[in-house]
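Colleague: One structure, as structure tokens, below. Some questions next.
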Amino acid sequence: MLKSPFILAIAGGGSTYTPGIVKSLMVRLSDFPLAEIRLYDIDEARQNTIAPVVEKVIRDHSQNIKFTVTTCPETAFSGAHFVFAQMRVGQYKMREQDEKIPLRHGVVGQETCGPGGLAYGLRTILPMVELIDLVERYADPKAWIVNYSNPAAIVAEGIRRLRPQARVLNICDMPVAAMRNMGAILGVDRHKLDVDYFGLNHFGWFTQVRVDGEDKLPELRRHVAKFGLLTEDAAQTDPQHADPSWVKTWRNIKPIMDCFPEYLPNPYLQYYLMPNQIVEHQNPDYTRANEVMDGREKKLFAAAVKYQQTGILPDAFHVGVHGEFIVEVARSLAFDLRQRHLVIVENQGAIANLPDDAMVEVPAYITANGPEPVRMGNVPLFHQTLLMQQLASEQLLVEATLEGSYEKALQAFTLNRTVPTMEHARAILDEMIIANRDYWPQLQHAWQNGEATR
């Protein structure tokens, strides 16, 4: 087991989520002590804008924690005990393309689901493997990487294929955000909830939601039938998931449960089960990426610049489930707490009627040696079939990345439920190859050399 105080590196230190994560660390210093926090990013300018805010957050709580800002991987990772990874390859410029290209073809444009998620995955797998190699070269031999980088299911599958022994725990805060909303509806803190859940990342279902041993899913069903997965006044406790587009997302759980009431779905299932309705309400000229760039990103970078100019830190950086969850998981890894969390693991029988090598999202007890998944048994045929199709799409996408195969990329796009036909898949993929010319050299080579026309 690792000995504290810990050295923590945050890969993707220039993210606007970094101050919130560091705030979450600071309020838990008594039970997760830190000797040093290091920010690491390949975008020096972006990181240098965020870093003073992070240092202010640290100094408001401690004068003793060493703070390092670097673009050098050796400086970032030497002797580190934990690495929090939150990379966004291509930044918001490419997210905008991920969303707008599919919409031009009448297909869902979303960051992590559908063609956009597949494109994002093609960009992220190999840089994530590079990060793992750097951490293994420089960090403490028992160091853990806790990975938030999206699209988490595809990234996890890529890691399984290329670095199966890596000490990486892949997590996502979407189920935790759903649990926060469930807790608000039920009048309890999310930590009081004990849930069963099965699926792939951004593609799963809650089967039980217990409070003090009593299953509250029937009560939640009745509430969702009226309001979606929101309190009656739609009040949210976390601004990250509270703007109008997120309110719509939480409300869209209602029509899914109207059709399939047995389990409570991950909100991202709306993109797969009701894609036509989603496309009808998406603006192909102004997508979620534009909302974030013009809203959250602009606001937080303006706050960071204002702090550098005035020394006054606006109340713009908050602690939400994103920061809380990653710290909770890291604590359980560090101190062998065996806390139960929803994480992404190699199946190995956790979902009995899915392949053992599938990367699934299920409850697991987080130990110093990694996650111990809870067995969910067999899942119903309807859910199994949906999962198998999505799994095949994601696994083919990873194979396309590793082999530089246009054909497998096209198969991955065609299998995705958001894509109506192979003609749609091909048109979208071809346009995305052009947009990603700086990120997919092998795939572009195959495309330019005629594999696309065979």
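The values are calculated or read from the model by the stated rules, or taken from the named source; none is laboratory data. Treat the numbers as computed from the prediction; the structure is a model and nothing was measured. Glycine also receives a Cβ, built like all others from the backbone with ideal geometry; neighbour counts cover every protein chain displayed. In case anyone asks, the SASA skips ligands and DNA or RNA and just uses the protein heavy atoms, side chains included. Shrake-Rupley method; radii C 1.70, N 1.55, O 1.52, S 1.80 Å.
Colleague: Which entry in (1) 1.13; (2) 0.94; (3) 1.06 matches Rg/Rh (Cα atoms, Kirkwood Rh) derived from the coordinates of this structure?
Modeller: Matching entry in (1) 1.13; (2) 0.94; (3) 1.06: (2).
Colleague: Skipping prolines and chain starts, which residues have an amide H placed within reach, meaning under 5 Å, of the one on Val69, given they are 5 or more residues away or on another chain?
Modeller: Leu39
Colleague: So for the chain: antiparallel DSSP bridges make up what percent, rounded to the nearest 5?
Modeller: Here the share of antiparallel DSSP bridges comes out near 50 percent.
Colleague: If you don't mind, there's one more thing I want to ask. Karplus couplings for region 52-60 from phi (6.51 cos²θ - 1.76 cosθ + 1.60, θ = phi - 60°), rounded to Hz, Gly and Pro as x?
Modeller: For region 52-60, the Karplus curve yields x, 5, 4, 4, 4, 4, 5, 5, 5 Hz.
Colleague: Could you point to the residue in Pro141, Leu103, Pro127 farthest towards the positive end of region 79-152's charge dipole, with +1 and -1 charges on the Cβ of Lys/Arg and Asp/Glu respectively?
Modeller: Among Pro141, Leu103, Pro127, the one farthest towards the positive end of the dipole of region 79-152 is Leu103.
Colleague: Using the structure shown, list the pairs from Lys93/Lys299; Lys100/Lys298; Lys66/Lys306; Lys93/Lys306; Lys66/Lys93 with a Cα-Cα distance above 26 Å, or answer none.
Modeller: Over 26 Å apart, Cα to Cα: Lys66/Lys93.
Colleague: Let me ask you something else. Mind checking the dipole of the chain: about its Cα centre, +1 per Lys or Arg Cβ, -1 per Asp or Glu Cβ, Debye to the nearest 20?
Modeller: With Lys and Arg at +1 and Asp and Glu at -1, about 520 debye.
Colleague: Just to be sure I understand the model, the point goes 7 Å from the Cα along the line to the Cβ. What's the resulting Arg210 to Lys66 distance in nm?
Modeller: It works out to 4.5 nm between the two label points.
Colleague: Determine which residues of region 354-376 fall in the zone a paramagnetic label at Met1 would reach in this model, i.e. backbone nitrogen under 13 Å from the point 7 Å along Cα→Cβ.
Modeller: It comes to 367-370, nothing else.
Colleague: Sorted by packing (mean other beta-carbon atoms within 10 Å per residue), highest first, where do 99-105, 343-349 land?
Modeller: In decreasing order of mean packing, 99-105, 343-349 become 99-105, 343-349.
Colleague: While we're looking at this one, here's another question. Keeping every protein chain present and rolling a 1.4 Å probe, give me the accessible area per residue for region 213-363 in Å².
Modeller: Ligands and nucleic acids excluded, the figure is 45 Å² per residue.
Colleague: In addition: Output ³J(HN,Hα) for region 98-109: one whole-Hz value per residue in order, computed from phi by the Karplus curve 6.51 cos²θ - 1.76 cosθ + 1.60 with θ = phi - 60°, and x for Gly and Pro.
Modeller: Coupling constants for region 98-109: 4, 8, 7, 4, x, 5, 5, 10, x, 10, 3, x Hz.
Colleague: When the convex hull of the Cα atoms of region 384-452 is projected onto a plane and the area is averaged over all directions, what value comes out in nm²?
Modeller: One quarter of the hull surface, i.e. the mean projection, equals 4.3 nm².
Colleague: Still on this model: Once phi is turned into ³J(HN,Hα) by the Karplus curve 6.51 cos²θ - 1.76 cosθ + 1.60 with θ = phi - 60°, what whole-Hz value does each residue of region 430-442 show in order, with x for glycine and proline?
Modeller: Result, ordered by residue: 4, 5, 5, 4, 5, 5, 9, 4, 7, 10, 10, x, 5 Hz.
Colleague: Determine the per residue accessible area of region 384-452 with all protein chains present and a 1.4 angstrom probe, expressed in square angstrom.
Modeller: 43 Å²
Colleague: Moving to a separate point now. Thr231 to Glu407: FRET efficiency via 1/(1 + (r/R0)^6), r the Cβ-Cβ distance, R0 51 Å, to the nearest 0.05?
Modeller: About 0.60, to the nearest 0.05.
Colleague: Per the 1.4 Å probe, what fraction of the accessible area of the chain, in percent, lies on carbon and sulfur atoms?
Modeller: Whole-percent figure for carbon plus sulfur exposure: 49.
Colleague: Which one, Gln442, Leu396, Gln384, is farthest towards the positive end of the dipole of region 384-452 when Lys and Arg carry +1 and Asp and Glu -1 on their Cβ?
Modeller: Comparing the listed Cα positions along the dipole, Gln384 ranks first.
Colleague: Calculate for the chain the 222 nm mean residue ellipticity that helices alone would give, adding -39,500 (n - 2.57) per DSSP H run of length 4 or more and normalising by residue count, nearest 500 deg cm²/dmol.
Modeller: When only DSSP H runs of four or more count, the value is -14500 deg cm²/dmol.
Colleague: Okay, next question. Roughly speaking, what is the stretch gain from Ile434 to Asn378, that is 0.36 nm per residue apart minus the C-alpha to C-alpha distance, in nm to one decimal?
Modeller: Roughly 16.0 nm would be gained on extension.
Colleague: Using Cα positions and a limit of under 25 Å, work out the lysines in reach of Lys192, with same-chain residues fewer than 8 apart set aside.
Modeller: Within the straight-line cut-off, Lys192 pairs with Lys23, Lys216, Lys226, Lys254.
Colleague: Stretched out fully, how many nm does the piece from Ile42 to Asp285 gain, at 0.36 nm a residue minus the Cα gap?
Modeller: Answer, rounded to one decimal: 84.5 nm.
Colleague: Still on this structure: Taking 7 Å along the Cα-to-C-beta vector as the label spot, tell me the Arg221-Thr421 distance in nanometres, rounded to one decimal.
Modeller: A separation of 3.9 nm, rounded to one decimal place.
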